[in-house]
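Read through the structure below, which is laid out as structure tokens, and then see the notes.
The values are calculated or read from the model by the stated rules, or taken from the named source; none is laboratory data. Since this is a predicted model, take the numbers as computed values, not measurements. With ideal geometry, Cβ positions are generated from the backbone for all residues, glycine too; neighbour counts draw on all protein chains shown.
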Amino acid sequence: MTKPCQYKLTLLAACGLIATGSANAANPKTIYSFTGGSNGWAPNSLIEANSTFYGTTDFGGTAGFGTVFQVNPKTHAQSVIYSFQGLSGGPDGTNPSTAPISLNSLLYGATSAGGTGSAGTLYQVNPATGAESVLYSFQAGSDGAAPSSLLLYNGIFYGTTSSGGTGCSTNGTGGCGTLFSFDPTSNTETVLYRFTGGTDGFLPRGLVNLGGTLYGVTVFGGGTTCFSGVGCGTLFQFDPTTNAVKTLYAFQGTPTDAYGPSGALVLANGVLYGIAGGGKACFLGTYCGVIYSFNPASSAESVFYTFPGGSNGAAPSSLLSWNGMLYGSTKLGGSTDCNQKQGCGTLFQLNPTTAAETTLYVYKLKKAPKVDSYGPSLAIAGSTLYGFTNGTGYNVSDEFGSIISFVP
């Protein structure tokens with residue numbers, strides 16, 4: 001298996017940092033470097049639970065299909081809790097796709113593939129014993145395939161699958177994706193909604209809870225011609241009490257609006273924010289990307305911030321809300337060391353009241369004595385921001401990814 005490419009960057013994937021305050025940025029600090037092989041490589045998530053960090057890697061472990069790991073935040077000692085075995089060691093799933101969720105001292109998550117239906121699984125891991133259980137295997141039919149997000153609300157897990165479902169008008173037999181629930185008490189999975197690929201969109205992504213209502217996005221669909229004839233994506237809401245799904249907004253695409261929303265929505269001052277394509281022309285005929293906002297109270301959507309490219313960054317890869325400010329990262333722009341001189345990415349702060357943007361750190365490629373983080377991404381662990389590098393391959397010191405900290 002080859003290593004992930006340098007620009008395999010998603011929310012809670014690629015690289016990251018720690019932050020604790022003002023916008024006077026200091027350099028990121030590596031607190032753990034993965035070594036590949038059974039140790040795992042390409043970390044893609046990080047959480048804090050019971051004073052311990054937990055996360056997952058895309059690859060590595062004893063069978064090469066990814067791991068669940070833990071890190072001591074004080075000593076920085078890392079250990080693998082569980083290595084996914086794939087079909088060779090039983091249908092436990094391959095390549096974890098969501099961050100672990102802690103419930104009753106157990107960790108829950110999803111894999112994007114594997115299981116009895118080769119379409120992904122929901123799993124449970126006991127961090128004290130390393131015991132893993134497959135709770136549900138997606139079958140790639142009406143129940144969905146390739147779970148892409150998972151959250152916990154009122155003791156029930158809610159999530160999305162990227163494909164599967166029925167009645168899809170856009171993606172043929174592959175399905176347009178589903179919204180599902182999972183009851184950990186009865187181990188029951190229920191499909192709550194099957195996207196059709198029309199005005200409701202398709203390829204749903206991460207969910208966020210706002211006052212008991214769940215909000216999410218679809219990357220495509222919505223009825224506006226975009227992406228070679230398919231829609232530019234949608235923003236939708238889901239009511240867990242009635243199981244009703246409602247499309248709130250269909251993105252219009254460039255030049256005035258966003259397209260292809262990706263990653264989970266974040267909440268600041270009662271307003272939802274997200275990352276998407278669009279904005280000004282940028283590298284290689286693409287666009288620099290935008291941050292958009294959506295007010296659930298008024299149903300008003302707007303492009304909140306447009307990335308200019310160059311030293312201020314381009315192609316946003318993550319966003320989160322913390323201490324009244326928005327923090328995020330871009331996978332391009334900043335320096336010109338990487339990506340055919342398109343840049344290695346930046347860390348930024350965005351004021352949700354004034355839309356003022358501050359570039360906190362510009363990532364650079366350093367070949368000696370070690371590689372700098374590349375294409376940053378962010379994660380929250382308790383009251384601190386943590387993250388990780390996905391691995392650059394330019395230098396053995398950061399070849400397999402690292403957990404890093406960033407103190408503004």
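Could you list, in sequence order, the residues of the stretch 191-211 that are in a loop (DSSP other than H, G, I, E, B) and either among the small types (Gly, Ala, Ser) or more than 17 Å from the chain's Cα centre (by Cα) (or both)? Lay out the reasoning, then the answer.
Narrowing the stretch 191-211 to residues in a loop (DSSP other than H, G, I, E, B): 195-201, 205-207, 211.
Hits for the stretch 191-211 are PHE195, THR196, GLY197, GLY198, THR199, ASP200, GLY201, GLY206, GLY211.
Kindly establish whether GLN139 is under 18 Å from PRO100 (Cβ atoms) and either in contact (Cβ under 8 Å) with a residue 12 or more places away in the chain or not charged (D, E, K, R) (or both). First the steps, then the outcome.
Values: under 18 Å from PRO100 (Cβ atoms): no; either in contact (Cβ under 8 Å) with a residue 12 or more places away in the chain or not charged (D, E, K, R) (or both): yes.
No: the conditions fail for GLN139.
Name every residue in the stretch 103-130 that is outside any strand (DSSP E or B) and either in contact (Cβ under 8 Å) with a residue 40 or more places away in the chain or in contact with a His (Cβ under 7 Å, 6 or more places away or on another chain) (or both), in order of residue number.
Scanning the stretch 103-130 gives SER105, GLY114, ALA119, GLY120, PRO127, GLY130.
Looking at the stretch 230-253, which of the residues that are without any contact (Cβ under 8 Å) to a residue 12 or more places away in the chain and not hydroxyl-bearing (Ser, Thr, Tyr) is farthest from ILE291 (Cα to Cα)?
My answer is ALA244.
Hey, can you tell me all the residues within the stretch 220-256 that are out of contact with any Leu (no Cβ under 9 Å at 6 or more places or on another chain), in a strand (DSSP E or B) and β-branched (Val, Ile, Thr)?
If the condition is that a residue be out of contact with any Leu (no Cβ under 9 Å at 6 or more places or on another chain), in a strand (DSSP E or B) and β-branched (Val, Ile, Thr), then VAL230 is the only one that fits.
Counting just the residues of the stretch 116-127 that are at pLDDT below 95 and surrounded by fewer than 24 Cβ atoms within 10 Å (Cβ to Cβ), which one comes out nearest to PHE138 (Cα to Cα)?
Taking the candidates together, the pick is GLY117.
At least 2 residues that are under 16 Å from the mean Cα position of the chain (by Cα), buried (at least 24 other Cβ atoms within 10 Å of the Cβ) and modelled with pLDDT of 90 or more in each: list the strands (runs of 3 or more DSSP E) lying fully within the stretch 1-77 that qualify.
In the stretch 1-77, 52-59 are the strands (runs of 3 or more DSSP E) which contain 2 or more residues that are under 16 Å from the mean Cα position of the chain (by Cα), buried (at least 24 other Cβ atoms within 10 Å of the Cβ) and modelled with pLDDT of 90 or more.
When only residues in the stretch 271-297 that are at pLDDT 95 or above and polar (S, T, N, Q) count, which is surrounded by the most Cβ atoms within 10 Å (Cβ to Cβ)?
By that ranking, first place goes to SER293.
Among the residues of the stretch 306-321 satisfying the criterion of being in a strand (DSSP E or B) and in contact with a Ser or Thr (Cβ under 9 Å, 6 or more places away or on another chain), which is surrounded by the most Cβ atoms within 10 Å (Cβ to Cβ)?
PRO316
Out of GLN342, GLN349, report the one residue that is on the phi < 0 side of the Ramachandran plot, assigned to a strand (DSSP E or B) and at pLDDT 75 or above.
Criteria check complete, one pass: GLN349.
Given the residues SER317, SER293, SER262, which is the only one that is under 26 Å from PHE202 (Cβ atoms) and in contact with an Asp or Glu (Cβ under 8 Å, 6 or more places away or on another chain)?
That would be SER293, the only listed residue that is under 26 Å from PHE202 (Cβ atoms) and in contact with an Asp or Glu (Cβ under 8 Å, 6 or more places away or on another chain).
Every residue, every condition in (1) under 26 Å from PHE180 (Cα atoms); (2) among the hydrophobic types (A, V, I, L, M, F, W, C); (3) touching a residue at least 12 places away in the same chain (Cβ under 8 Å); (4) out of contact with any His (no Cβ under 8 Å at 6 or more places or on another chain), yes or no:
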| site | (1), (2), (3), (4) |
| --- | --- |
| SER228 | no, no, no, yes |
| SER262 | yes, no, yes, yes |
| GLY277 | no, no, yes, yes |
| CYS288 | no, yes, yes, yes |
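Would you mind finding the one in SER373, SER329, SER377 that is surrounded by 24 or more Cβ atoms within 10 Å (Cβ to Cβ), of a type in the set (S, T, N, Q), within 18 Å of SER45 (Cα to Cα) and at pLDDT 80 or above?
Going through SER373, SER329, SER377 in turn, the sole match is SER329.
Which condition breaks for SER148 when tested against (1) at pLDDT below 95; (2) outside any strand (DSSP E or B)?
Among (1) at pLDDT below 95; (2) outside any strand (DSSP E or B), SER148 violates only (2).
Go through the stretch 78-107 and give me each residue that's surrounded by 15 or more Cβ atoms within 10 Å (Cβ to Cβ), among the polar types (S, T, N, Q) and on the phi < 0 side of the Ramachandran plot.
GLN78, SER83, GLN85, THR94, SER97, THR98, SER102
Restricting attention to the stretch 170-178, does a residue exist that is assigned to a strand (DSSP E or B) and closer than 20 Å to ILE47 by Cβ?
Looking for residues that are assigned to a strand (DSSP E or B) and closer than 20 Å to ILE47 by Cβ, one finds none in the stretch 170-178, hence no.
So which residues in the stretch 154-211 are surrounded by fewer than 16 Cβ atoms within 10 Å (Cβ to Cβ), over 26 Å from LEU135 (Cβ atoms) and touching a residue at least 24 places away in the same chain (Cβ under 8 Å)?
GLY167, SER169, THR199, LEU210
Does the stretch 248-255 contain at least one residue that is crowded, with 21+ Cβ neighbours inside 10 Å, of a type in the set (Val, Ile, Thr) and touching a strand residue (DSSP E or B) at 6+ places or on another chain (Cβ under 8 Å)?
no
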